[in-house]
Amino acid sequence: MTVRNSLAIMFGTLGIIILSISCKPWVPVGLIEFGGIMLLLVGSFVSAVGNVIVARKKENVHAVALNSAQMGFGGVCLLAVGLMFEGVPDFVLPARFYAALLWLAMLSAVAFSIWFHLLKTIKVSRLNIWKFLIPVFGALFSWILLPSESPSVPAVTGLIFVTVGILTAGEK
């Protein structure tokens, strides 16, 4: 790993930390927030393992099969957590719900298949820098779509750090 990549990861991680704590900077993290952070870390770990497998065994790994296994495992974990906290759901939902669910499942499968294909052609450390955009877009979409959400100085500062990290990694 180069110094530039290390700096990019440092800036990106610092930005994500600032962005994550910006909504309640002076309040200790509660059990729900801690659980959410732990789930994100586990998801990131599982994703990293998949990325390393694809990068090391480029010819022997079928991207769609690995993607299906990861999404299936993640789905089972989410279902287990949902059942523990919410119980058995009422499956009588409008057809629009099932259409949206199917569309999002297909979109995710295609996106992750493209991601694993890119892992075969681009260095993992270089490609993973772009994952810092996930929470950035999450924050941006929440500010746009949720009336109760609005940008704060710490949140925008976090976004700036993430942007600096991505730009640092992208420089030649």
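Every number in this text was worked out from the coordinates using simple rules, so none of it is lab data. Being a predicted model, the structure only gives us computed values, none of them experimental.
Observations on the structure shown:
- Pairs of lysines in segment 3-170 (C-alpha under 30 Å apart; 8 or more residues apart or interchain): 9
- Distance between segment 71-132 and segment 139-172 - C-alpha centres, whole angstrom: 23
- Calculated mean projected area of the Cα convex hull in nm² (choose from (i) 22.2; (ii) 12.3; (iii) 15.1), label: (ii)
- Choice from Glu149, Glu59, Glu86 with maximal GNM fluctuation in the chain (Cα, 10 Å cutoff): Glu86
- Helical content of the chain, expressed as a calculated mean residue ellipticity at 222 nm, amounts to -26000 deg cm²/dmol (DSSP H runs of 4 or more residues, -39,500 (n - 2.57) each, divided by residue number, nearest 500).
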